[in-house]
Amino acid sequence: MNFGEDLSAIFGGLFGNSGSPYEDAMNEYKKWINQGQQMQNPFWQAGVGGIGDFQDWLKGMKDPSKFINDLMGKYQESPWAKYAQDAAMRGAQNMGSATGLTGSTPLAQFAQQNAKDISSADMQNWLKNVLGINTEYGAGQSKLMDTGQNAANSLTNMFSNAGDWMGHAAYGKGAREQYDRRSLWGGLFDMFNNLGLF
């Protein structure tokens, strides 16, 4: 080496920062990682919230008999059923008047059976609707968990890739900083050697 090259190596080692591009890359990675995390976080949080609700939903159906009995305890006859029963009773009374069977046991039994059939149909329709809504609720919580799992998978992949990128960038930064130090000491050694001081 000549004196100019020696000085260049010394100043490059003193003032150069060849690890800077790696540091810039690491800062850029961090920005994008944070942005990706912010985008996935609401989905992940929704999934986490869905887990507890889904578990509660499953616990509520652990004992099917109790589940159905609890549901049926909330049943209230619909206005349609009340109207249909009243209409059926008026029809039976009108028929009894027209045929002279008013007050007869067969007519009373017919009217009562009619009222029971209407009530039973109303109750079955209500139960079918409630069970359908319940099933949809469980499916919704399951979908929330799936969404959360997908977000968690995306975050895991993103962090894994980011860890790899950051590791390579940190290695490159460290290697370049060592290169700068070697340039400084190598340049000093060569300069002193060329000057005959060694």
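The values are calculated or read from the model by the stated rules, or taken from the named source; none is laboratory data. Values in this document were obtained by computation on a predicted structure and should not be read as measured data. Virtual Cβ from ideal backbone geometry, glycine too; neighbours counted across all protein chains shown.
Quick look at the numbers
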{"read-out": "Tally, over region 29-59, of residues that are modelled with pLDDT under 90 and either of a type in the set (Lys, Arg) or closer than 30 Å to Ser119 by Cα (or both)", "value": "2"}
{"read-out": "Cβ pairs under 9 Å, 6+ apart, first in region 69-90 and exposed (fewer than 13 other Cβ atoms within 10 Å of the Cβ) and in a helix (DSSP H, G or I), second at pLDDT below 90 and among the hydroxyl-bearing types (Ser, Thr, Tyr)", "value": "none"}
{"read-out": "Sole exception among (1) polar (S, T, N, Q); (2) at pLDDT 85 or above; (3) in contact with a Ser or Thr (Cβ under 9 Å, 6 or more places away or on another chain) for Gln93, by number", "value": "(2)"}
